[in-house]
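Notes for the one structure printed next.
The values are calculated or read from the model by the stated rules, or taken from the named source; none is laboratory data. Model, not experiment: these values are computed from the prediction. Quick reminder, even Gly has a Cβ in these numbers, built from the backbone with ideal geometry, and neighbours come from all protein chains shown.
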Amino acid sequence: MKLIGEMNSILGVTSYIGLGSNIGDKVANIKAALAALNNSQKVRVKRVAPYYRTEPIGYTAQDWFVNTVAELETLLSPHQLLFLLLTLEDRFGRVRTERWGPRVIDLDLLLYDQIEINTLELTIPHPRMHERAFVMVPLAVLAPELVIPGRGKVAELAALLAGDQQILPLFL
């Protein structure tokens, strides 16, 4: 996969997405989604946090997940980026039958620059990210000093959540 350091910057805004999978070859699913993002127009994957094995939240009668967070540079608007993420989920075979249920790939728009949005289609920052170790721990690797508006510093949130939720590093 080509990362931003290997090509000219597109000089877009920085955004962060969460990636997860708990069906099939979970790591391969995430890597394929990252490659598809990086190959799309107006989006470049800049950095990817380590991968983690995480217990399911909400609906627990399912396999554990593999999760990570990626830093993107994009020229897309927040709504266009969300549309791209949903399109990729569909392309990879995501089926939405049960809330928080099993999925081949899950792509969540977490942060988009310093923008706050609250519409029916999109809420940024992601409304539950500060409650989830599987988001905050990998995000803290990429941007520990980042502040989630109204919630606090990413590194501090990650440390609190990692003590309450099972999240294990994957050594690939």
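Residues in segment 130-144 that are under 21 Å from Glu73 (Cβ atoms), touching a helix residue (DSSP H, G or I) at 6+ places or on another chain (Cβ under 7 Å) and not aliphatic (A, V, I, L, M): Pro144 only.
For Asp106, the conditions (1) within 17 Å of Val48 (Cβ to Cβ); (2) over 13 Å from the mean Cα position of the chain (by Cα) are fulfilled apart from (2). Within segment 120-147, being at pLDDT below 95 and among the hydrophobic types (A, V, I, L, M, F, W, C) holds for one residue alone: Leu120.
Considering Lys26, Lys42, Lys46, the condition of being of a type in the set (D, E, K, R) and more than 21 Å from Met136 (Cβ to Cβ) is satisfied by Lys42 alone.
Being aromatic (Phe, Trp, Tyr) and surrounded by 22 or more Cβ atoms within 10 Å (Cβ to Cβ) narrows it down to one residue among Tyr59, Tyr52; which is it? Please lay out each step first, then the result.
Numbers: Tyr59 fails: surrounded by 22 or more Cβ atoms within 10 Å (Cβ to Cβ).
Step by step, each of Tyr59, Tyr52 is checked, and only Tyr52 is aromatic (Phe, Trp, Tyr) and surrounded by 22 or more Cβ atoms within 10 Å (Cβ to Cβ).
Taking the conditions exactly as written (hydrophobic (A, V, I, L, M, F, W, C) and in contact with a Phe, Trp or Tyr (Cβ under 7 Å, 6 or more places away or on another chain)), does Trp64 satisfy them or not?
Spelling it out, it is not the case that Trp64 is hydrophobic (A, V, I, L, M, F, W, C) and in contact with a Phe, Trp or Tyr (Cβ under 7 Å, 6 or more places away or on another chain).
The lone criterion from (1) at pLDDT below 95; (2) among the polar types (S, T, N, Q); (3) under 17 Å from Leu109 (Cβ atoms) left unmet by Gln41 is number (3).
In segment 38-72, how many residues are acidic (Asp, Glu) and under 12 Å from Ile17 (Cβ atoms)? Before you say what the answer is, go through the steps one by one.
Narrowing segment 38-72 to residues acidic (Asp, Glu): 55, 63, 71.
Filter again for under 12 Å from Ile17 (Cβ atoms), leaving 71.
Within segment 38-72, residues that are acidic (Asp, Glu) and under 12 Å from Ile17 (Cβ atoms) number 1.
Here Ile105, Ile117 are screened, and the one residue that is modelled with pLDDT of 95 or more, under 20 Å from Thr14 (Cα atoms) and of a type in the set (Val, Ile, Thr) is Ile117.
Looking only at residues that are part of a helix (DSSP H, G or I) and at pLDDT below 95 in segment 1-37, which one is surrounded by the most Cβ atoms within 10 Å (Cβ to Cβ)? Selected residue: Ile4.
Restricting to segment 57-108, count the residues that are among the polar types (S, T, N, Q) and over 22 Å from Glu131 (Cβ atoms). Step through it out loud before you land on a result.
Start the filter on segment 57-108 by keeping residues that are among the polar types (S, T, N, Q), which leaves 60, 62, 67-68, 74, 77, 80, 87, 97.
Now drop any that are not over 22 Å from Glu131 (Cβ atoms), which leaves 74, 77, 80, 87, 97.
Final tally of qualifying residues: 5.
The set of residues from segment 83-106 being farther than 17 Å from Leu34 by Cβ, in contact (Cβ under 8 Å) with a residue 12 or more places away in the chain and surrounded by 14 or more Cβ atoms within 10 Å (Cβ to Cβ) comprises Gly101, Pro102. Of everything in segment 123-167, what is under 15 Å from the mean Cα position of the chain (by Cα) and surrounded by fewer than 16 Cβ atoms within 10 Å (Cβ to Cβ)? Give them in sequence order. Within segment 123-167, Thr123, Pro127, Arg128, Glu131 meet the criteria.
Elements of the type helices (runs of 4 or more DSSP H) sitting completely within segment 55-172 and holding at least 3 residues that are in contact with a strand residue (DSSP E or B) (Cβ under 7 Å, 6 or more places away or on another chain), on the phi > 0 side of the Ramachandran plot and among the hydroxyl-bearing types (Ser, Thr, Tyr): there are none.
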